Amino acid sequence: MDCNPADDFLYILHDSCDILAIALNAEDLLIGCGDTGTLSHTKQEISKRFKMKNLGESHVISGIHIARDRESRTVTIMKDRYAQNITDRFGMGCARGLLLTCMCLGVDVGTK
């Protein structure tokens, strides 16, 4: 498993047929994988070393909203509220119109 060079809290494992991603946030883990078997195995292995509680499908993490469309097999990550909170916190609310937020992993998650 490799640490993402752009983010110390994102780990990605590539194998011949799937990608597994683990994002760390304080005391939380966000685990994503296209294969339920790999996902289950990973959660089982992590739970052998750490106390874990499965909170189900994530919709928000660190103010970043996650929308999943199972039918089209897509995940959309929206950081607009997160960006708004940051600009408000630092007194830059007038800069909101200039913010363009984009997250591009460059990963093809097409059907198997």
Checklist entry - Does the stretch 98-106 contain at least one residue that is outside any loop (DSSP other than H, G, I, E, B), modelled with pLDDT under 75 and either under 22 Å from L13 (Cβ atoms) or not polar (S, T, N, Q) (or both)? => result yes
Item to check | Selected residue (criterion: nearest to H59 (Cα to Cα)) from residues of the stretch 1-17 that are out of contact with any strand residue (DSSP E or B) (no Cβ under 6 Å at 6 or more places or on another chain) and at pLDDT 75 or above | outcome: H14
Item to check | I46 being modelled with pLDDT of 75 or more, surrounded by 10 or more Cβ atoms within 10 Å (Cβ to Cβ) and in a strand (DSSP E or B) | outcome: no
Item to check | Matching residues, the stretch 54-90, being in contact with a helix residue (DSSP H, G or I) (Cβ under 9 Å, 6 or more places away or on another chain) and surrounded by fewer than 10 Cβ atoms within 10 Å (Cβ to Cβ) | outcome: N54
Item to check | Complete set of residues in the stretch 29-50 that are under 20 Å from F9 (Cα atoms) and either outside the structural domain of F9 (by TED's automatic domain parsing) or acidic (D, E) (or both) | outcome: E45
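The values are calculated or read from the model by the stated rules, or taken from the named source; none is laboratory data. Because the structure is predicted, anything quoted here is derived from the model rather than measured. Methodologically, a virtual Cβ is constructed for each residue, glycine included, from the backbone with ideal geometry; neighbour enumeration extends over all protein chains shown.
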